[in-house]
Number of protein chains: 2
Amino acid sequence: MASSSPTSTAETIAIAARRAFEESQLVEEKERDVALTAIQEVLTRHKDEVLTANKKDMEAAQALAEERKLSSSLVSRLDLSRPGKYEAMIRGVSDVAALPAPTGIVTFAKELGPGLELHRVTCPIGVLLVIFEARPEVVVNIAALAIKSGNAAILKGGKESLNTSTILSSLISTALSKTSIPSTFVQSVSTRSEISSLLAQDKYIDLVMPRGGNALVSSIKNSTRIPVMGHADGICAVYLDETAVEEKAIRVVVESKIDYMAACNSAETLLLHPSTLSTIWPKVALALISHSITLKCDPQSLSALSSISSSSTLIKPSIPEDYTTEFLGPTIAIAVVPSIHAAIQHINQHSSHHTDSIVTESFENMSIWCKGLDSANCFINVSTRFADGTRYGLGTEVGISTGKTHARGPVGLDGLVIYKYILRSVNDGGNIIADFEKGSKGYTHIDIPKVIPF
Amino acid sequence: MASSSPTSTAETIAIAARRAFEESQLVEEKERDVALTAIQEVLTRHKDEVLTANKKDMEAAQALAEERKLSSSLVSRLDLSRPGKYEAMIRGVSDVAALPAPTGIVTFAKELGPGLELHRVTCPIGVLLVIFEARPEVVVNIAALAIKSGNAAILKGGKESLNTSTILSSLISTALSKTSIPSTFVQSVSTRSEISSLLAQDKYIDLVMPRGGNALVSSIKNSTRIPVMGHADGICAVYLDETAVEEKAIRVVVESKIDYMAACNSAETLLLHPSTLSTIWPKVALALISHSITLKCDPQSLSALSSISSSSTLIKPSIPEDYTTEFLGPTIAIAVVPSIHAAIQHINQHSSHHTDSIVTESFENMSIWCKGLDSANCFINVSTRFADGTRYGLGTEVGISTGKTHARGPVGLDGLVIYKYILRSVNDGGNIIADFEKGSKGYTHIDIPKVIPF
């Protein structure tokens, strides 16, 4: 019996989420914003209790960190008591409430024939399972995104933030219980065994969103039939072509590498056209070295630095693995490629299809770049660090997807919706296909205004 | 070594597809139509050879059918020699060529800040793995859709059509070899063992499209990390509410059930409001009986037919499984539900979220229906048989998806594309985030014309 218990718990949670989603579909869209306001109020009122729970998590984490069982960066990500952090978390909820709802938008409308109207309308996906690591404020963040988009959510945080996420999650339920949104619209689970059982609930759960590293995403994809939207690693490249201008090259390469080295949109690879070797490459290299970046160079780019290399320990030969490594730190891999076609081929075969930028003055190369590159974000003369939902003006960011279906690149609220088709007979124009295919009426397929019929 | 051979074959095929996809991205869009024309010509010229190969498949299949090892309907689906069938297959290619390309469409365009422009442009997904059953013409159909949308494809047909699909596939390669599209853009594999190895090639294959029954889709989802777009079963319902009008009810119910009983958009369930039991239900029942449909009734709907039931052997009591069964034949399950809310709940919990239709004169119920129903196609006073890409005016149909991500309902060519973001600095407006976040410039996020920059 013991072994059946996690499954039945998981099934109970998944069914409750499904029912909450179904019930909520008849609730008016504006009630979702009312629910978000209620969450803000409850979180503001219970700040002290949340911080008390957070202190417990912090103490346990610090003890583990002292035993070197946990990294100190993870401990700092756990901390909700840093000045302004709690308020920023609450402000996040009102920011989401202020966005336009991604649902109820007509994206396609046609008269199929006389008196027969088809509308394609955006709607929530259904039930989301979100798996994330340390930061406990993600509970609030995801709850807000789920409610705004009309999706029910099941959340699983890291075990280090258990006390904090449990109280945040219970406060969210309390807030929801006073609104038209079911209190089981957002639920939390705490143990790993529950996750594997939840991953089997493809009857009730529509989408899994792992927010963590490559290993997490990959292991989840291996263990579920539910579609997965996650981002794996970010191996981004910058390519300097034969027309690249020095100042622009330095600005783009340096910021792409050094601005925030742990980010997935930071550059890990620099590709060079041979003609840059004797012109701008040494200057770009010096700029990187001045920021203490290690350059792992292929033979050609290395020998082009022979005059500098004796004076810097940061210049090293590369190995093949460097070109498929997400360094997430002060290292960049350099390779010389004979042409833009070779640069594109190198990136398509080594990168993670996330974000890659060319520095060029050639219109032709810009066009080849954007067509040939199989990456979510194809950039021209700009830093890879622009690849971000907020910078793109998407309002908020659900994540950055390196997948090739549903949503790609920075994903905003519209990545949490799908659509349904609504077909209706207007003024009894025709009810059956025989009217159109055997009777006097014919299909017209004329565009009509994109106005929601209900 | 023997066991490594299918994997390495699969990997070789997958890599070849990937490279063909990458190479083709620099080929102009109009060259895809040139390739489609070349395919038409080759297929026309080699009709006799194809029919000779098809005859071999037919003879083998007929022999198996005589031994009752294969159904006769499968044998008839194999047959390409029936009058007009070969020509229809070729016409399918020109129909696809005539459609607008789904790629290169700007769906979002914003100035992020002065001199910084973002465009979201539709593009092919990459490499498709399509697994289908008997009908050999699917090879040509899918090849055309893949080429038109710019996706490379690996095809696996049923073993019964092996001779036919092999020659069709080789003729397609021959045709492509004379165009700008790589000849490995469309490849075929023939054995089941290759499929399982291909399902492991998530590095090179972006989407799996199983075109077959529920069991096929489900088994594929269980054995791959690659996203799957397939349709499982179609358990569709019609609901007659308290305002339903007799003639409309009979037209919608009868056509939804009898027009093409093996189709996924045929009705399998009929839900009744209690007020219809003494009014229109007996007439609807008689209409169905006149078409030899067996009615599997719950106690309420059964007793409402007491005056008829003695004279018809087609009226029977239902069992719970009837409401989750795809009969695909002359049977329909009937249940009485107390309200539209109960009807929606019944459908959300029993149907396959495919297509469900209400017969009503109530505007309020139409609105509740479309909001509450979690189905791809929510219909009002129309036959479920309208759920079809061609009838929707999508040009052609890739399939009908019962999934909740990427594409839902009838999927046209636009279900075979995703998008990439193109961000560029215009007139050197700004190259790095520091210009906008620490410098004098700010983000503007203004809509700009949706015109492709390249």
Restricting to DSSP H runs of at least four residues, report the calculated mean residue ellipticity at 222 nm for chain B, -39500 (n - 2.57) per run over all residues, nearest 500 deg cm²/dmol. -12000 deg cm²/dmol
Find the Cα radius of gyration of chain B, compare it with 2.2 N^0.38 Å by division, and give the number to two decimals. 1.15
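Based only on Cα atoms, what Rg/Rh ratio does region A:236-393 have, Rh being taken as Kirkwood's radius? If you can, show how the numbers build up before the last one.
Numbers: Rg = 14.1 Å, Rh = 15.1 Å.
Checking Rg against Rh, the ratio lands at 0.93.
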Return the aspartates and glutamates within reach of B:Lys30: Cα separation strictly under 18 angstrom, same-chain partners fewer than 8 residues apart disregarded; answer none if there are no such residues. B:Glu22, B:Glu41, B:Asp95, B:Asp414
Considering amide H positions built from the backbone, and no H for Pro or chain starts, which residues 5 or more places from A:Ile418, or on another chain, come under 5 Å of its amide H? A:Cys123, A:Ile125
Spelling it out for A:Val186: with amide H atoms placed in the peptide plane at 1.01 Å from N, the residues 5 or more places away or on another chain with amide H under 5 Å from its amide H are A:Ala153
For the protein assembly as shown, state the average projected area of the convex hull of the C-alpha atoms over all orientations, rounded to one decimal in nm². 41.5 nm²
Among the GluC sites (Glu not before Pro) within region A:37-71, which fall in a DSSP loop and have no more than 16 other Cβ atoms within 10 Å of their own Cβ? A:Glu67
Please list, short to long, the whole-number percent of alpha-carbon pairs of region A:360-403 in consecutive 10 angstrom bins beginning at zero. 24, 46, 26, 3
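Using only atoms on other chains, find how many Cβ atoms lie within 10 Å of each Cβ of peptide B:366-372 and report the average.
Mean inter-chain Cβ contacts per residue within 10 Å come to 6.
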Applied in sequence order to region A:414-429, the curve 6.51 cos²θ - 1.76 cosθ + 1.60 (Karplus, θ = phi - 60°) yields integer Hz couplings, x standing for Gly and Pro, of 6, x, 9, 10, 10, 9, 10, 9, 10, 10, 9, 8, 9, 6, 6, x
J(HN,Hα) series, region B:45-51, from Karplus relation 6.51 cos²θ - 1.76 cosθ + 1.60, nearest Hz, glycine and proline x: 5, 10, 3, 4, 5, 4, 5
If one takes the longest principal axis of the Cα atoms in chain B, at what angle in degrees, from 0 to 90 and to the nearest 10, does the Cα axis of helix B:246-258 lie? 60 degrees
Could you let me know the centre-to-centre spacing of region B:234-254 and region B:294-337, using Cα atoms, in angstrom? 15 Å
The chain B residue whose Cβ lies closest to the rotation axis carrying chain B onto chain A, with that distance rounded to whole Å, is B:His406, 2
Can you give me the relative contact order of region A:15-153 as a percent, contacts being Cα pairs under 8 Å and 6 or more apart? 32 percent
Above-threshold pairs, the threshold being 22 Å between Cα atoms, out of A:Lys110/B:Lys283; A:Lys438/B:Lys248; A:Lys283/B:Lys420; A:Lys203/B:Lys420; B:Lys148/B:Lys178; A:Lys148/B:Lys438: A:Lys110/B:Lys283; A:Lys283/B:Lys420; A:Lys203/B:Lys420; A:Lys148/B:Lys438
Cβ charges +1 (Lys, Arg) and -1 (Asp, Glu), total dipole of region B:236-393, debye: 240 debye
Average partner chain C-beta neighbours within 10 Å, per residue of A:387-400? 3
At most 14 other Cβ atoms within 10 Å plus a DSSP loop assignment makes a site exposed; report the longest stretch of chain A without any exposed trypsin sites (Lys or Arg not before Pro). A:204-437
Computed Rg/Rh for region A:323-454 (Cα atoms; Rh = Kirkwood radius) stands at 1.21
Average beta carbon contacts from partner chains per residue of B:117-127, 10 Å cutoff: 3
Put the label 7 Å from Cα along Cα→Cβ for A:Glu67; what are its distances to the other copies, in nanometres, shortest first? 6.6
At the level of C-alpha centres, the distance separating region A:96-146 and region A:158-208, in angstrom, is 19 Å
Between region A:13-58 and region B:19-66, the alpha-carbon center distance in angstrom: 56 Å
In debye to the nearest 20, how big a dipole does chain A give about its Cα centre with +1 on each Lys and Arg Cβ and -1 on each Asp and Glu Cβ? 620 debye
For chain A, averaging the sequence separation of alpha carbon pairs under 8 Å that lie six or more residues apart and dividing by its residue count, the contact order in percent is 19 percent
Roughly what would the spin-label model give for A:Val451 and A:Ser310, points 7 Å off Cα along C-beta, in nm? 8.0 nm
For region A:151-160, in residue order, the Karplus 3J(HN,Hα) values (coefficients 6.51, -1.76, 1.60; θ = phi - 60°; whole Hz; Gly and Pro = x) are 9, 6, 9, 10, 10, 10, x, x, 5, 5
So which lysines pass the test for A:Lys159, namely a Cα distance under 24 Å, with those fewer than 8 places away in the same chain ruled out? A:Lys47, A:Lys55, A:Lys56, A:Lys69, A:Lys85, A:Lys221
Using a label point 7 angstrom from Cα along Cα-to-C-beta, what distances in nm, from shortest up, separate A:Asn214 from the other copies? 4.0
Compute the label-point distances linking B:Leu286 to its equivalents in the other copies; points lie 7 Å from Cα along Cα→Cβ; give nm, one decimal, shortest first. 9.8
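The numbers here are math on the coordinates, done by the rules we state, and not lab data. Computed from a prediction, not measured in an experiment: that's the story for all the values here. Cβ sites come from the backbone with ideal geometry, for glycine too, and all protein chains shown count toward neighbours.
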